[in-house]
Ligand code: ANZ
Ligand code: ZN
């Protein structure tokens, strides 16, 4: 079907046509028993908010390009899609719009699936699921019970952030400035029975394995390391100067025992047992209450002023006989880290310094920076936390920090307080267990039953799944499952007595901690089919936003280990390669009243000095800063609108072309227009080429300079685009493709001017390669072009083109040209060019032609690739 292509390419016709063709051919349906080498590419699955945004388009396009490329490279590619479908927004919608969370969620999924399909993603839709499907969450309940059996889940009273308006527990991250992130209500501290995964048991393993993740961004590994927060230090006992009630000593955790000679106070947490014992002092009781109001979010504590209250107690200084240190209750000491108590060394810790300045406590420097004068060195407003040597520290004097830590640890190990060694070396982690109980309806029910006689009883396998009841109401605050008249009343599976279901549901982070494994066997009646999962996993390339760099990835890493322990998987790490893409940003616009305006509502004019007016009223509009696209600032571009106007391929191409994928990309009108022009150029090139290709083609003739050059360019581009796609350097791949398109446009003109079978052959090779390179990025255009070029089958099924290594070698040489031994110029020819080509090029040099005056040379001496001497 080689024919003349005259019309403009029309994505509105072509795109649905090819989507249908792929669908019918089941192009992207993958089989688990396919013998080809597996490759698993996954983008973080979306929350079904109702509409996709440009960030989704960018994210899913990147994954799609990689998936299509790997498919062309002969791999069995798994590229699935699903929905992270439980969570609060569905319940909020239920409360606001009187629509059931389930119908709201599935309607949104319906709409978004359609949108995703319209951008031409090569997804195996047969594997699609939503985490709110009973089929999915029932398997999650099995996992929960297995983990319970393995001792990886506990139930404990723990202090939680309680949102009194939403009536739910909030994670620390959901407490912003002491208020609930959604309700804005002042958060209270409450003690609740909570289910928790024992993530902290894996702290060391999760930390160490980060070293094996060499295809992860270093910044993400660092964030995880900091989150796990390993500290090696000392537990150290301070003897109370006089016993108080049952207390004879205070135990602290310190990472800097080398600074002990600089200690000037002891501080304990407001939740420390000693603080509780002291709360019969009104000042202490008031301070504790105030601290509780402040909340436990790390951020709040870091920002808050360092406050405390003196308890009246003292401890004996452990290395200065006769001296004592005052004991405070302080707001910056957390109960759930270390021992909930510290010794303060103001000279070398900023919080301690702030505290000491406020309460007039001594500041005694005991670490001298290298090269500083001990007489002069002082600590003023800033604590010195750097390296140096101990001084003012008696037997530690002169030692560097590490040596001093070692020596003082040995010293305290030899002494005892309360008949225990005074100092014990200890490692601590900041990583906490993961509390997963949520007082919410729209989540996975925790499959346990509470019985007065038997305690907590897991729901037996035969009674699974515990299905969410649908007849719930949202007319009052709190958990609808709690209010349901019958659902929670059941017979105890053990003693058959009256019992109650757990009404808490799981944190939605649980749902996203194993979905990647479920995609490998999405409809199995076990959580995974281990053999299948082990074959696909780990995910070769995971792509998503850096906002998930800590929790989601850490929980998934934990789950992978937990699933290994319970026999569902046999891998250590879920994601071999991780890529965190940048955001899509856009200019912002404001009218005179300071209200945000959408790009669709304004008109822009001018080149360098751009101005904007309101499209309807003509009123002046202020062009503001470039920000992440967000509904609140109205600087969003609707993917549907773009697909309707330009087509999916253009949007895809633009998303990939403008900036490196890890950086932000700025959406501009000019950018999308440019992408659209390129698409039409490729189409025109194919049209022109197709016409030429109707002529007989032959073996490309490498002695023809143009032929050699275009073949070299084509092969080099195939090689480079391949490595760029493998490295997710999409913008560089795009730049290479532009270059090839330019080269082919020129070569087409050359071939039109002087067509030979060899040139037709080279054009065929070049153009079909171009289309194959374009295919992962603009898949619909590529199919249309492929058909127009008369190629058989779908381009999506064509194997990635082979590269002739000989054509990759440094392709051209510059050869000086002499006339009678004197240099007159130079020529550039393909390396190893035949002598007659070199002679022809040399004689056509202007300087040479002038000296020949129309005559033939007496002799032409050629040293191949080196020099030409023309004798006249
Ligand atoms: C004395 C000291 C002197 C400290 C000095 C630091 C510098 P990381 O590295 O994060 O583990 N600390 C211990 N438990 C605490 C708690 N529950 N709440 C708040 N702070 C606590 O930090 C360990 C250091 O943090 C410990 O070392 C302790 O202060 C403080 F020049 O002890 B240090
Ligand atoms: Zn019972």
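The values are calculated or read from the model by the stated rules, or taken from the named source; none is laboratory data. Everything numeric here is computed off the predicted structure, so don't read it as measured data. FYI the Cβ positions are ideal-geometry reconstructions off the backbone, even for glycines, and counts take in every protein chain you see.
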In this structure, is residue 784 farther than 29 Å from residue 812 by Cα, buried (at least 19 other Cβ atoms within 10 Å of the Cβ) and out of contact with any strand residue (DSSP E or B) (no Cβ under 9 Å at 6 or more places or on another chain)? yes
Matching residues in the stretch 414-453 - criterion: being touching a strand residue (DSSP E or B) at 6+ places or on another chain (Cβ under 8 Å) and within 16 Å of ligand 2 (Cβ to nearest atom): 447, 448, 449, 450, 451, 452
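Could you tell me which of the residues 149, 155 is surrounded by fewer than 18 Cβ atoms within 10 Å (Cβ to Cβ), in contact with a strand residue (DSSP E or B) (Cβ under 7 Å, 6 or more places away or on another chain) and either at pLDDT below 90 or more than 21 Å from residue 334 (Cα to Cα) (or both)? Show your work before the answer.
Working: 149 fails: in contact with a strand residue (DSSP E or B) (Cβ under 7 Å, 6 or more places away or on another chain).
When all the criteria are applied, what remains is 155.
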Could we say that residue 460 is loosely packed, with under 13 Cβ neighbours inside 10 Å, within 16 Å of ligand 2 (Cβ to nearest atom) and either modelled with pLDDT under 95 or over 30 Å from residue 202 (Cα atoms) (or both) here? no
Of all residues making up the stretch 620-672, the number that are under 21 Å from residue 116 (Cα atoms) and part of a helix (DSSP H, G or I): 20
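Report, by residue number, each residue of the stretch 323-360 that is more than 16 Å from ligand 1 (Cβ to nearest atom) and either under 23 Å from residue 234 (Cβ atoms) or in contact (Cβ under 8 Å) with a residue 12 or more places away in the chain (or both).
Answer for the stretch 323-360, where residues must be more than 16 Å from ligand 1 (Cβ to nearest atom) and either under 23 Å from residue 234 (Cβ atoms) or in contact (Cβ under 8 Å) with a residue 12 or more places away in the chain (or both): 323, 324, 358, 359.
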Somewhere in the stretch 24-33, is a residue within 22 Å of residue 777 (Cβ to Cβ) and in contact with a strand residue (DSSP E or B) (Cβ under 7 Å, 6 or more places away or on another chain)? yes
Among what's in the stretch 361-370 and is crowded, with 17+ Cβ neighbours inside 10 Å and over 20 Å from residue 274 (Cβ atoms), pick the residue that is farthest from ligand 1 (Cβ to nearest atom). 368
Answer yes if at least one residue in the stretch 294-304 is under 30 Å from residue 394 (Cα atoms) and either within 12 Å of ligand 1 (Cβ to nearest atom) or touching a strand residue (DSSP E or B) at 6+ places or on another chain (Cβ under 8 Å) (or both), and no otherwise. no
Take the residues in the stretch 473-511 that are touching a helix residue (DSSP H, G or I) at 6+ places or on another chain (Cβ under 6 Å) and modelled with pLDDT of 95 or more; name whichever of them is farthest from ligand 2 (Cβ to nearest atom). 509
Taking the stretch 446-490 as the region of interest, how many residues are touching a residue at least 40 places away in the same chain (Cβ under 8 Å) and farther than 19 Å from residue 167 by Cβ? 19
Any residue at all in the stretch 421-442 that's more than 16 Å from ligand 1 (Cβ to nearest atom) and within 30 Å of residue 396 (Cα to Cα)? yes
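With 735, 741, 753, 714 as the choices, which residue is in contact with a helix residue (DSSP H, G or I) (Cβ under 9 Å, 6 or more places away or on another chain), within 25 Å of residue 788 (Cα to Cα) and surrounded by fewer than 19 Cβ atoms within 10 Å (Cβ to Cβ)?
Working: 741 fails: surrounded by fewer than 19 Cβ atoms within 10 Å (Cβ to Cβ); 753 fails: in contact with a helix residue (DSSP H, G or I) (Cβ under 9 Å, 6 or more places away or on another chain); 714 fails: surrounded by fewer than 19 Cβ atoms within 10 Å (Cβ to Cβ).
Just one listed residue meets the conditions, 735.
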Would a scan of the stretch 56-75 turn up a residue that is part of a loop (DSSP other than H, G, I, E, B) and either buried (at least 22 other Cβ atoms within 10 Å of the Cβ) or free of Cβ contacts under 8 Å to residues at least 40 places away in the same chain (or both)? yes
Among the candidates 545, 443, which residue alone is surrounded by 15 or more Cβ atoms within 10 Å (Cβ to Cβ), under 30 Å from residue 65 (Cβ atoms) and under 28 Å from the mean Cα position of the chain (by Cα)? 545
Unmet requirement for residue 445, which otherwise passes all of (1) within 30 Å of residue 91 (Cβ to Cβ); (2) in contact with a helix residue (DSSP H, G or I) (Cβ under 6 Å, 6 or more places away or on another chain); (3) away from ligand 1 (no atom under 16 Å from the Cβ): (2)
Taking residue 613 as meeting all but one of (1) more than 30 Å from residue 747 (Cα to Cα); (2) part of a helix (DSSP H, G or I); (3) more than 33 Å from the chain's Cα centre (by Cα), write down the number of the exception. (2)
When both residues are 6+ apart or on different chains and their Cβ atoms are under 7 Å apart, which pairs have a first residue that lies in the stretch 491-514 and is over 19 Å from residue 555 (Cα atoms), and a second that is assigned to a helix (DSSP H, G or I) and within 16 Å of ligand 2 (Cβ to nearest atom)? 493/463
Determine the pairs where a residue that is farther than 17 Å from residue 475 by Cβ, located within the stretch 99-114, has a partner that is at pLDDT below 95 and outside any helix (DSSP H, G or I) with Cβ atoms under 6 Å apart, the partner being 6 or more residues away or on another chain. 108/50; 112/52
